[in-house]
Every structure is written in C-alpha cells, then in structure tokens.
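Engineer: I have a structure I would like to understand better, so I am pasting it below and will then ask my questions one at a time.
A short reminder: the numbers here are calculations on the coordinates, not readings from a lab. A quick note: this is a predicted structure, and the numbers were derived from the prediction, not measured. Because the Cβ atoms are built from the backbone with ideal geometry, glycine has one as well, and the counts that use them run over all protein chains shown.
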There are 2 protein chains.
Amino acid sequence: MQDKYLDFVGSGFGKWLSANLGLPQPVPLRRYVPGEPEFVGPFLVGAAPGGSMRETLAALFAETGVPTRFHESDPEWLGAANRHGQITGRFVAPTGKEGEAFDRIGGIVFDATGIASVDGLDALYHVFHDGVRAIGRCGRVVVIGRPPEGCKTPEAAIAQRALEGLTRSLGKEVRRGCTAQLVYVAEGAENVAASTLRFLLSARSAYVSGQVVRVHRAPAVSVDWQKPLAGRTALVTGASRGIGAAIAHVLARDGARVLCLDVPAAQEALNAVAQEIGGEAMAYDIAAPETPAMLAQQLAALGGIDILVHNAGITRDKTIARMTEPAWRSVLDINLAAQLRINDALLAAHALLAGGAIVCVSSISGIAGNLGQTNYATSKAGVIGLVQAGAPLLAERGITLNAVAPGFIETQMTAAVPFAIREAGRRMNAMSQGGQPVDVAETIAWFANPASNGVTGNIVRVCGQSLLGA
Amino acid sequence: MQDKYLDFVGSGFGKWLSANLGLPQPVPLRRYVPGEPEFVGPFLVGAAPGGSMRETLAALFAETGVPTRFHESDPEWLGAANRHGQITGRFVAPTGKEGEAFDRIGGIVFDATGIASVDGLDALYHVFHDGVRAIGRCGRVVVIGRPPEGCKTPEAAIAQRALEGLTRSLGKEVRRGCTAQLVYVAEGAENVAASTLRFLLSARSAYVSGQVVRVHRAPAVSVDWQKPLAGRTALVTGASRGIGAAIAHVLARDGARVLCLDVPAAQEALNAVAQEIGGEAMAYDIAAPETPAMLAQQLAALGGIDILVHNAGITRDKTIARMTEPAWRSVLDINLAAQLRINDALLAAHALLAGGAIVCVSSISGIAGNLGQTNYATSKAGVIGLVQAGAPLLAERGITLNAVAPGFIETQMTAAVPFAIREAGRRMNAMSQGGQPVDVAETIAWFANPASNGVTGNIVRVCGQSLLGA
C-alpha cells in the first residue's frame, strides 16, 4: 500500500513545508536489492577493553569488503584489521565547526562484551558522542554485549543490562532512517553471531530498530551468503497475499524451495504466488482437525522440511463486551492452537528436520495489548509464550524457534483502517512511517538462515521502533 | 502540580465539549485516604477449573468485608464464600438492553491458575464478556495466573503467557480510571499473594495498570493492614521533595520510622519533610566516596534498617552528540553506581536486616529509551539489571529487591517540561492523565510491606498504562 505522505515529504515543496510545520520527516528506507551493495560503509568500530568480538568483526568486514574506521579509544583494531586484510583508518570525528573535514560513516559497531562494571560504560559515551553525528542516512548502530543472565558478577550483569537503555535511546536519536540494536552474544558464540550482524548491518533490516537479540553457542555453519537457503525447503502458511506472499518471495530469492499454504478459498492467489517463485501451492485450512496429520504425512513423504513459517492469522476485532464467542475462539484457534497442533504433528512425524527453523508471527498487540483486540493480543502473547517455552526444548533437536512481532506494516489489512488511526500507527515510530511486508520477510529469512543456528528464543519486533510497548 | 485539563473536563461544560471534540476524557482517580474504604466492591469473581486461589480470595474478601458476586461458570465459589463467612451472590450480567437490572461491580478477579491449555482460555472470555460493562469508575481487574517459567507443560506455559495479551488489552478497554493487572502466583505462594491482591484491588494502586507481577513462595507473615510498616525503619534517598517526599510520607503513614536523606544543599526542605512525618533528616551526598561506609556505620549503630528506597536521581538531558562527559558520568554515577556502592556497604555491615526490602526507582525511559536521555535511560535500564541480577542473591538473605518505573508523574520536574511535550506525556496513557507522586509512593509501600516477602525481582510501572514501551 502507498504512503502518500512519505512521497509528499520526499518532494522539494513537501520537505520544506513539513520541516516548517514541525511535521514528521520520514526518509525513504534503503532496502536490500539483489546485486546492489547490502552494506553502506565505512563503519566506525569501537570497543571497550576486554572485548571478544574483534576477530569476528574484522573477518566479517573483510569478507564483505566494507571499510572501517576505528575510534582512537580502540587502536588495537588496526592490528586485527591488518590480520584479516581489512581496510581501515583512524576515525576523524566531526568537530561541529563548519567546513572542517570529518569521516562520514554508514554506522557504528561497538563491542561492549568486555564491559563488567558501571564505570566501564564510559567507553560507549566516547564513541557514540564522537560518532553519531557522522552517520549518514539509513545508517546502522549495533552494540554487542553479553547476555546479563550469563554474566559472572552481578555488576557485569547490571552494566550489560544497562546497554538496553542506551541502544533504545540511540534508536530514537539517530533518525533519518537509521536503526540501533543490541546483540547479546554468549561466550563462545562470537563466530555464530555473523548471520545476525550481517542482517542488522545490512539494508535487509530496514524497519527493524530498537531490538535486543540473543545469540547462543552453536556449531559453526557456513553458507553462501547470496543464497543462504539453497537446498532448503520451507513451508509458509497464509502465503497467498500480504506478508505471507512477501515471505514466500524472500525465502525463494534466498534459495529455498517454498511450499505455499493457504485456505482453499485463496487457491487462485496462492497458485499465482507459488508460480511466481517456482514453488508449490498447498490448499489447506490450518484450523481443520485433520490438517496437522495430513500435512505431517505429506511433508514427511517429501523428505521433511527445514523451515516452517507460521504466518497465517486472522483478526476479529471488538471490545470484549461486544465480542462474540466464535470471534474469540476462532482467533485463538487459528493464531495459536493451530500452530501448536501443527508443530506437534510435524515433530512427531520427523517432518521438520534437524538444523531447521520454526518462525512464528506475533504482534506488537501481543506485547502491549490493544483496545478491541483481547482475542488477538491473547493469541499473539501466547505465540511469545510458545517461543519462550519451546525454544529450549527444540534446541535439543537442533531446531531454532523465534518470532517476529510486526508493528504497522502497509498491507491491504492496514489500508482498510480508518485514516486517523492509520496515520497515528504509521507515524508513531522512530521512522515516522509504516513498514513493508518485505521487512517482515527479511527478518524471517534471517531466522531461517542455517547460519542463524545460534539464534533462538528471540522475539524481534519489525516496527521501526514503534513508541508503543509494555 | 496541577493538570488544568483534568479539572476542566470535570466541569459540566468541559465534559460536554471534550466529548463532542473527541478529546481525552480523564476521570479523577480514586486514591487511598486513611479512614475511607480502600476497596469498592462488590467484586465479580471468576475462575477456570482447577484454580488454586479460591480459599485465599474468599478469606481476603471476608477479612476486608467486601462483598462478591460469582459468575455462573464458577458456582463453587459459593461454598468457599460460605466457609469464610463471605457475602456473595450470583452475578446478574448486563444484557445491554435499556432498563434491565444488573449488578454494578467494583471490579473482576479471575483465578486463571488452573488453565493449562489454549482451549482453557475460553473461561476468561465468558467472565470478561459478561462482566466488563458492569464495572464502575476506577474499577479493578486482576487476573491471577501461574508463572509460565514454572509450568509443567509447554502448553500450560503458553496459555499462561497468553494472559499478558488479555490483561494488557483489558487495561486499554476498561477506561474511566479502571486498571487491569496480571499476577503470576507460584505454586505454594497462594497465601503470600494477599498483600499484592490487596494493593492491586485497592485505591492505593490508582495509577498502576497493565502490569505483570510475580509472587514467589515465602513464609507467611501477618501484618496489621492499617499499619503494615509498624516497627520498621526505612531510609529514603532524595527525600526532600517530589516523589521522595511522598515516599517518606506514605511509609510514615503506614507505620515506619523514616530516615530522610538528601544532599546537604537541600537540608532545609529535608528537615521540613522529616519534621512533618516525625522522622529524621540525614544530609549526605550519596555520590561522595565516603558516604556508603559512613551510612553503613551509622545505620548499623541504629540497629539496622528494614527498608531502603533508592529514590535519589538526576537528569542531564542532551542528545549524545551534544552531551558532555560530566553529564554522562554524573547521571550514571548517581542513578546507578551509587546505589550499588550503598547496597554493598549496607549488606557488608549487616545494616540492612533480614526480612527487609530494597526498592529502586527505574523509569519508563529505562524500558523504552528516550531521545535526549542516553545517560538517564542507560542508568535506569541498569537499575532493572540490578533488580534482575540481585533479587535471587538477596532472596537467600530474606531481602526482597524490586523497582518501580514511573511514567509521567506530576512534579516540579515535569512542570518544567515544555507544554506540548508535557501534554503528550500526560495523555498518552490509558488514564489520559499524569500520575501523582503518591502513586509511586503507594507502590513502594506495597513492596516494603513485610507481607510482600514473596514479591521480589519485579519491575512495576507506575504509568497509567502508558502507551510507551519496548
């Protein structure tokens, strides 16, 4: 769907008018286009003493060919960069004085894994104070820390937990389409973090901001970063349109064979999507009692699938006093119970292969609650519960389990929302615009990447750092 | 500070105008006044099969003399009520038809501890569908569940986690000064939940809504509910004005001897507060290096304290690019590092007694981040880390550790905020108004109550269910 205001602000007159009226000034987000550069450098690299991410980062920037600048507080970067043949140089910070030259950068990556005290947080101040002003449009900020729950001392846990306040504030300060995230990398999971760092530093994460991601230890998996899903089979529910169709497209683009599932009533649109991506259409009603067993049998016969995306969902909005019982039950059944039944059936039939990934779709409503959505929010909060309860269990089978929680995404569904409510939803985020279905799809593709095998139990919002939350 | 819009909307003309313009219609919140009824019943009681809270609830309502109504789906309530001599009757639900009689209620309490499946959530639909319309002004909704992390099956954990979506949505639907909360009571902690249920059902929790509270197993402690802090000594930092002064007043009202601490520059105001409440003034700079040891020695000499409230805090707002290093450091030092130093010193000197409580003050900024507050948000996110990391350790010493996270509270500090930003902050919550310092103080008094010994590791927002979050 079209955001006419975004187009208007992009025009010369619109830009002038919106600036003078103090209106939001969204910038068009840079999104990933195959063949075009994924990363816009150079990246300013900073670190607190004792950090453990230097080699991983130097290798990553060397592989991707993105130049870096290092902050004066971390001269050791130079050595690591040289070892990896990575092009770097000392960062020249903007002084704020007109006409003085400085390094324009595509973002800042800070290795905070070495921070074990409140005083240690000062290292962040220096790098961000000096660097933030130099970040260009649609830049990227990533702070890498240690999961507080795994820290050796309470003070280390406290300092690491404090990083959330910093990154979420930075997300609200950087503006102009920039994003800011916090990645908690467990000890020993440094190399496994590459898929996550690539995603968060690239144009693929255009509408993901203010998020906290946890990466756990896992065996190293190497992939072709251009086709990370090559040789993998994915099943996407609700694939006939909107976000589901975008997911099918992106997974296919990344190399997966995609089975597109939707209700029989959507067969025509479903066939079209399947045909566009060289996938297969499966017309099933996920809520029907016989579906899980049938699906499991059919998928097992195909040799099993690697990726299961629970995207299908419905809304039946009313305040609870006016809500009918079928509206309550159908939303809980389709959005939550059906996912459980399908997971159980597929796992029992070994139709979901080891090394695979389940990705669920939650919602900001499931996090913050929403007026008129007691049923929907309950189902989507349940999806969060599913990820939290299920991830440790599935880890034993080598399967990851994560969820995306979309905010305001431009679809037929949101286009039908009344204007004033739609505008509020669109603008109440750090990007001052709605996201696109592809933004949700890219996030799911990151979860589905075999190299993301250390990424499990995460709920990641795709919401442009919406102000709404809990 | 005064919210003139709230006064205006309370007038006949203001009410008419605001309704016709579609403006927010905040209602004056009912707050606790000693001698006036704390609870406004009757409460509608509902339960899913297998719930374990019935006896605790029947005893609580019998003790407080609040009548109940039971929902037709839970006729067993009648037996429990009779056993406890609790006045009850079958709830007559509003039909929506004009002129038909129904029971007006002061709120709904639902025992969801027995829910172990997604289907089991239907029990909630029936009670809230029938009951929500009957709730009067400033009513109370409390759903009681089991902590998902302690559930025996994944599906039980999922269903219990789903309750968050329901209660947060209800909080946004009930309006007219009503609140909605979720209390996760661990198995065996049913009786320990009384202090929490009393707080959340009473007028004391006027500005607390949309919160999730965890109650752990702990030894039963009986208190005089009119003076629960009798015989206890509390230290409150930053006590000379605003929220700190309100905390000192409320703790004293509840029976505590209160030591009021603030910087020497605030001595005069501090003395006045101490005098008003019959407490003592202590003029110390908490950031000074010698303070922790001096404090510990002095408090140990007094025989130790039971309650430590870390309220002192400062802001030095600027975007990080414009922030000076002293502004960064002083905020982190005073708001976070000083608390750690004082805790360590008091614990080492055994100046904080077993059975005691530490209460910290975090902030919505620490949860959601805020533009211009990288330093403040980092410090307040660190406070959350302090509670999460410290609560299990302090539990071994019989000390609880919790935090309040205020949203927009009417103080001299918020009165200085520019009008448009202040109005946005005030209205962007389910109550369409700012809170009062006393609302934060009442929440702290609940944490400090010896009968809240099962309440630890909680971060509770006092924000009128602000829309802002993460």
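Engineer: Against the longest principal axis of chain B, how steep is helix B:242-253, in degrees 0 to 90 to the nearest 10, with axes from Cα atoms?
Structural biologist: For helix B:242-253, the angle is close to 70 degrees.
Engineer: Report Rg(Cα)/(2.2 N^0.38 Å) for the range B:373-460, keeping two decimals. Show your work: numbers first, answer last.
Structural biologist: Numbers: Rg = 15.4 Å, N = 88, 2.2 N^0.38 = 12.1 Å.
Ratio of Rg to 2.2 N^0.38 Å for the range B:373-460: 1.28.
Engineer: Defining the label point at 7 Å along Cα→Cβ, can you sort the distances from residue A:23 to the same site in each other copy, shortest first, in nm?
Structural biologist: Copy-to-copy label distances at residue A:23, shortest first: 2.4 nm.
Engineer: Let me ask another. From a point 7 Å beyond the Cα of residue B:417 in the direction of its Cβ, which residues of the range A:408-442 have a backbone N at a distance under 18 Å?
Structural biologist: Within reach of a label on residue B:417, which here means backbone N under 18 Å from a point 7 Å along Cα→Cβ, the range A:408-442 contributes A:428-430.
Engineer: Give me a comma-separated list of calculated 3J(HN,Hα) values for the range B:51-61, in order, Karplus coefficients 6.51, -1.76, 1.60 applied at θ = phi - 60°, integers in Hz, x for any Gly or Pro.
Structural biologist: x, 10, 9, 4, 5, 4, 5, 4, 5, 5, 5
Engineer: Let me ask something else about it. What are the extents of the Cα atoms of the range B:112-220 along their three principal axes, listed from largest to smallest and rounded to whole Å?
Structural biologist: Computed over the Cα atoms, the extents are 38, 34, 17 Å.
Engineer: With a ≥ b ≥ c taken as the square roots of the eigenvalues of the C-alpha gyration tensor of the range B:148-197, please select rounded if a/c is under 1.5 and otherwise prolate if a/b is larger than b/c or oblate if it is not?
Structural biologist: Values: a/c = 5.40, a/b = 1.36, b/c = 3.98.
Oblate, since a/c reaches 1.5 and b/c is not below a/b.
Engineer: Which Cβ of chain A lies nearest the axis of the rotation superposing A onto B, and at what whole-Å distance?
Structural biologist: That would be A:469, 1.
Engineer: So what's the net charge close to residue B:25: Lys and Arg +1, Asp and Glu -1, counting the other residues with Cβ under 11 Å from its Cβ? Provide the component values of the computation, followed by the final result.
Structural biologist: Numbers: positive: B:15, B:175, B:176, B:427; negative: none.
In short, +4.
Engineer: Now, a different point. What does the helix-only formula give at 222 nm for chain A: each DSSP H stretch with n ≥ 4 adding -39500 (n - 2.57), the total divided by the residues, and the result rounded to the nearest 500 deg cm²/dmol?
Structural biologist: On the way: 17 runs with 178 residues, N = 470.
One gets -11500 deg cm²/dmol as the mean residue ellipticity at 222 nm.
Engineer: Something else: Determine the alpha carbon to alpha carbon distance for each of B:4/B:172; A:380/B:152; B:4/B:380; A:152/B:380; A:152/A:380 and list only those over 25 Å.
Structural biologist: Values: B:4/B:172 23 Å; A:380/B:152 21 Å; B:4/B:380 30 Å; A:152/B:380 21 Å; A:152/A:380 34 Å.
Over 25 Å Cα-Cα: B:4/B:380; A:152/A:380.
Engineer: Let me ask another. All other residues with a Cβ under 15 Å from the Cβ of residue B:422 taken together, and with Lys, Arg as +1 and Asp, Glu as -1, what is their net charge? List each step's numbers first, then the result.
Structural biologist: On the way: positive: B:4, B:426, B:427; negative: B:3, B:317, B:410, B:423.
For residues surrounding residue B:422, the net value is -1.
Engineer: If you don't mind, there's one more thing I want to ask. Starting from the range B:73-155, pick out the GluC sites (Glu not before Pro) whose DSSP state is loop and whose Cβ has at most 15 other Cβ atoms within 10 Å.
Structural biologist: Working: sites: B:76, B:98, B:100, B:149, B:155; in loops: B:76, B:98, B:100.
Of the GluC sites (Glu not before Pro), the ones in loops of the range B:73-155 whose Cβ has at most 15 other Cβ atoms within 10 Å are B:76, B:98, B:100.
Engineer: How much net charge surrounds residue A:187 when only other residues with a Cβ under 9 Å from its Cβ are counted (Lys, Arg +1; Asp, Glu -1)? Can you show the working numbers first?
Structural biologist: Working: positive: A:146, A:217; negative: A:190.
Counting the neighbours of residue A:187, the net charge comes to +1.
Engineer: A further question on this structure: Can you give the extra length, in nm with one decimal, that the chain gains between residue A:87 and residue A:314 once fully stretched, where that is 0.36 nm per residue apart less the Cα-Cα distance? Could the numbers behind the result be given before it?
Structural biologist: Details: separation 227, 0.36 × 227 = 81.72 nm, distance 4.95 nm.
Full-extension gain reported as 76.8 nm.
Engineer: Sticking with this structure for a sec: Can you list, shortest first and in nm, the gaps between the label point of residue A:149 and those of its counterparts in the other copies, using a point 7 Å from Cα in the C-beta direction?
Structural biologist: Spacings between copies for this position, smallest first, are 0.6 nm.
Engineer: Round to the nearest 0.05 the FRET efficiency obtained for residue B:102 and residue B:137 when R0 = 22 Å and r is the Cβ-Cβ distance. Don't jump to the answer; show the numbers that get you there.
Structural biologist: Details: r = 16 Å, r/R0 = 0.74.
With R0 = 22 Å, the Cβ-Cβ based efficiency is 0.85.
Engineer: Which cross-chain or sequence-distant (5 or more) residues have an amide H under 5 Å from the amide H of residue A:435, H modelled 1.01 Å from N in plane?
Structural biologist: For residue A:435, whose amide H was placed from the backbone, the distant partners under 5 Å are A:408, A:409, A:410.
Engineer: Would you mind checking which residues have amide H under 5 Å from residue A:259's amide H? H placed 1.01 Å from N; only 5 or more apart, or other chain.
Structural biologist: For residue A:259, whose amide H was placed from the backbone, the distant partners under 5 Å are A:234, A:235, A:236, A:280.
Engineer: In nanometres, what is the gap between the two model label sites at residue A:217 and residue B:325, each 7 Å from Cα along Cα-to-Cβ?
Structural biologist: It works out to 3.8 nm between the two label points.
Engineer: Work from the charge dipole of the range B:19-115 (Cβ charges, +1 for Lys and Arg, -1 for Asp and Glu, about the Cα centre) and give the residue of B:73, B:39, B:49 farthest towards its positive end.
Structural biologist: Working it through, the farthest residue towards the positive pole turns out to be B:39.
Engineer: How would you classify the protein assembly as shown from its alpha-carbon gyration tensor, with a ≥ b ≥ c the square roots of the eigenvalues: rounded for a/c under 1.5, else prolate if a/b is greater than b/c, otherwise oblate?
Structural biologist: Values: a/c = 1.60, a/b = 1.15, b/c = 1.39.
In terms of gyration-tensor shape, oblate.
Engineer: Among the GluC sites (Glu not before Pro) in the range B:388-470, which ones are in a DSSP loop with at most 10 other Cβ atoms within 10 Å of the Cβ? Mind listing them?
Structural biologist: Details: sites: B:396, B:410, B:423, B:442; in loops: B:396, B:410.
Sparse-neighbourhood loop GluC sites (Glu not before Pro): B:396.
Engineer: Averaged across the residues of A:118-124, what count of C-beta atoms belonging to other chains lies within 10 Å of each residue's C-beta?
Structural biologist: Values: counts 15, 4, 0, 9, 4, 0, 4.
Whole-number average of other-chain Cβ neighbours for A:118-124 is 5.
Engineer: Something else: Could you run the Karplus curve 6.51 cos²θ - 1.76 cosθ + 1.60 with θ = phi - 60° over the range B:101-113 and give me ³J(HN,Hα) per residue in whole Hz, x for Gly and Pro?
Structural biologist: With coefficients 6.51, -1.76 and 1.60, one gets 6, 8, 7, 7, 10, x, x, 10, 10, 10, 8, 9, 5 Hz.
Engineer: Quick one: what are the phi-derived ³J(HN,Hα) couplings along the range B:408-419, Karplus 6.51/-1.76/1.60 with θ = phi - 60°, whole Hz, x for glycine and proline?
Structural biologist: Once rounded to whole Hz, the list reads 7, 10, 6, 9, 4, 5, 6, 5, 7, 6, x, 3.
Engineer: With the Cα gyration tensor of chain B giving a ≥ b ≥ c as the square roots of its eigenvalues, does the rule (a/c under 1.5 for rounded; else a/b larger than b/c for prolate; else oblate) give rounded, prolate or oblate?
Structural biologist: Values: a/c = 1.76, a/b = 1.38, b/c = 1.28.
Prolate shape, in that a/c is at least 1.5 and a/b is the bigger ratio.
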